[in-house]
Amino acid sequence: MEIKDLKIEGKMICHMAFDTAHLMKHELTIVAPDNLVNGRKFYKETKTKKRKGQYGSFGKSETIYYFDSESQTFETINELLKSIGIDVTEI
């Protein structure tokens, strides 16, 4: 499916700082006027580990994307969109 003027809008809904990691969660909305997926929401969660014994020092972040009603996760937004028939390489 090709969708012209596809946009993704988002907002952070949660940030938690733990002793060993920081977690952030964003709610993202597909904006695709005149399309059935317009307004569909998905989520992005990023976990960034803290380096032990080093104040303010962090390791590599890991991010996953998913739809709220499904248990499947994706490593990129492109993979998530492809799962619902949107190939962003064609846009």
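None of the figures in this text is laboratory data; all of them are computed from the coordinates on show. In this text the structure is predicted, and so the values were computed from the model without any measurement. When we count neighbours, we look across all protein chains shown, and the Cβ atoms used for this are built from the backbone with ideal geometry, even at glycine.
Structure notes:
- Unique match (being small (Gly, Ala, Ser), touching a strand residue (DSSP E or B) at 6+ places or on another chain (Cβ under 8 Å) and surrounded by fewer than 12 Cβ atoms within 10 Å (Cβ to Cβ)) among Ser71, Ser57, Ser61: Ser57
- When the range 40-54 is filtered for residues that are under 23 Å from Ile77 (Cα atoms) and either in contact (Cβ under 8 Å) with a residue 40 or more places away in the chain or loosely packed, with under 11 Cβ neighbours inside 10 Å (or both), only Arg40 remains.
- Pick from the range 1-30, criterion closer than 22 Å to Gln72 by Cα and of a type in the set (A, V, I, L, M), ranking: surrounded by the most Cβ atoms within 10 Å (Cβ to Cβ): Ile30
- Screening the range 1-86 for strands (runs of 3 or more DSSP E) wholly inside it with 3 or more residues that are more than 10 Å from the chain's Cα centre (by Cα) and of a type outside the set (Lys, Arg) returns the ranges 7-17, 21-31, 58-66.
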